Amino acid sequence: MAALYGGVEGGGTHSKAVLISEDGHILAETAGPSTNHWLVGMDKCLETINDMVSKAKLLAGVNPDIPLKSLGMSLSGGERQDVIGNLMQSRFPNLSEKYYITSDAIGAMATATDKGGIVLITGTGSNCTLVNPDGSVVGCGGWGHMMGDEGSAYWIAHLAIKMVFDTMDNFIVPPHDISKIKNAMFEYFQVADRMGMLTHLYRTFEKSQFAGFCQRVAEEASAGDRLSCYIFQRAGQVLARHIVAVLPKLDKVLLKGDLGLSILCVGSVWKSWDLLKDGFLDVLSEARRTPAGRDLTKLSLLKLRHSSAVGGASLGAKHVGHTLPLDYASNVDMLYSHHFE
């Protein structure tokens, strides 16, 4: 039987798995819930991975008891590489012969290119990773909602809700009227007042459900609510600050191609790029006045066509000595391109 390679993209809300043949063709894809072990626990994380990959085997017409050659996992919160790999091997010995675990950012980059660039993730949470051509990696963020997640769906939802609370307490003077956001908050969480919010904020807090309010803020912004637009502008600013943070370590080679600086945009918040754009570009324009940013003349924002599970599978295959022939150009679409004046 021909060798098969598996990949997993593990997110804070949703996860995906793929099976790829040794000649690079995707044979099956499946989806599942969060596999971030910091959010759902290690047992649930491992069980979800096993379920997704086993279902992918069945979809591909493969005996589930025949191990894959390798399973590469690109996981949100996947820094405990040895622990996860060893537990998978012991609990599910027929799933795969070998395991390779890396972060969600590295898996995304491996899906898009083997030349390096910047990955900026903003979904439920956020983080930024620079991968230089020599393989060196520099990160900013990725510490979760208690210590960061700036510009993420969680951060946007939290900022919107806090502005409502603070305004109603006369603690701040809001930049714009809060009525639309306040009413959307009560409707989304199905409560009548701020006291009703406390259950969602503390007793039954669930990060992905809380972050889901971001979509309502985006809807209000698209409808013209000025406070919602302001919040997304702020989100664009803090997302760009992730880029500014890694610029001092950037290999200047990454600025010289036809695309300029390639930034791979991963996560659902990028669907609201039109709302993020002004704040994002303002911060990067300002950064060009600094030594680290003065050579930044063009940037291209790219989006994946395929799940970063594909990159996970590629890295897993390399781990066991096989190179999957990926067509990188077909794996990305252009979201936005910008020349700085």
Subset tally (residues that are over 24 Å from A105 (Cβ atoms) and open to solvent by less than 60 Å² (accessible area, probe 1.4 Å)) for segment 28-49:
1
I need every pair where a residue in segment 3-18 that is basic (K, R) has its Cβ under 6 Å from the Cβ of a residue that is open to solvent by 20 Å² or more (accessible area, probe 1.4 Å), sequence separation at least 6 or different chains.
K16/E9; K16/A31
Mind checking which residues of segment 284-341 are closer than 19 Å to L120 by Cβ, among the hydrophobic types (A, V, I, L, M, F, W, C) and open to solvent by 70 Å² or more (accessible area, probe 1.4 Å)?
M334
Residue check, L259 against (1) open to solvent by 50 Å² or more (accessible area, probe 1.4 Å); (2) over 19 Å from G116 (Cα atoms); (3) of a type in the set (A, V, I, L, M, F, W, C), all met but one. Which one?
(2)
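Here is a yes/no grid of residues against (1) more than 20 Å from the chain's Cα centre (by Cα); (2) at pLDDT 95 or above:
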residue: L276; (1), (2): no, yes
residue: S285; (1), (2): yes, yes
residue: L296; (1), (2): yes, yes
residue: L301; (1), (2): no, yes
residue: G321; (1), (2): yes, no
residue: Y328; (1), (2): no, no
residue: V332; (1), (2): no, no
Of the conditions (1) charged (D, E, K, R); (2) crowded, with 19+ Cβ neighbours inside 10 Å; (3) within 24 Å of S307 (Cβ to Cβ), E206 clears all except one; give me its number.
(2)
Segment 185-205 - residue that is assigned to a helix (DSSP H, G or I) and aromatic (F, W, Y) and, of those, farthest from R216 (Cα to Cα)
Y202
Pairs please, first residue from segment 184-205 and modelled with pLDDT of 95 or more, second anywhere and basic (K, R), Cβ atoms under 8 Å, 6+ apart in sequence or on different chains.
A184/R216; M185/R216; E187/R216; Y188/R216
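In the list L159, L95, which residue meets the criterion of being of a type in the set (A, V, I, L, M, F, W, C) and in contact with a Gly (Cβ under 9 Å, 6 or more places away or on another chain)? Working first, answer last.
Values: L159 fails: in contact with a Gly (Cβ under 9 Å, 6 or more places away or on another chain).
Just one listed residue meets the conditions, L95.
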Has segment 181-200 got any residue that is open to solvent by 70 Å² or more (accessible area, probe 1.4 Å), of a type outside the set (D, E) and under 23 Å from G123 (Cα atoms)?
no
List pairs: first residue in segment 224-238 and closer than 12 Å to M163 by Cβ, second residue surrounded by fewer than 18 Cβ atoms within 10 Å (Cβ to Cβ) and aliphatic (A, V, I, L, M) anywhere in the structure, Cβ distance under 9 angstrom, at least six positions apart or on different chains.
none
Among (1) open to solvent by 40 Å² or more (accessible area, probe 1.4 Å); (2) modelled with pLDDT of 95 or more; (3) among the aliphatic types (A, V, I, L, M); (4) not in a helix (DSSP H, G or I), which single condition is A245 missing?
(4)
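The values are calculated or read from the model by the stated rules, or taken from the named source; none is laboratory data. Not measured: the values here are computed from a predicted model. Heads up, the Cβs are rebuilt from the backbone with ideal geometry, glycines too, and the neighbour counts pull from every protein chain shown. These accessible areas exclude ligands, DNA and RNA; they are computed on the full protein's heavy atoms, side chains included. Shrake-Rupley method; radii C 1.70, N 1.55, O 1.52, S 1.80 Å.
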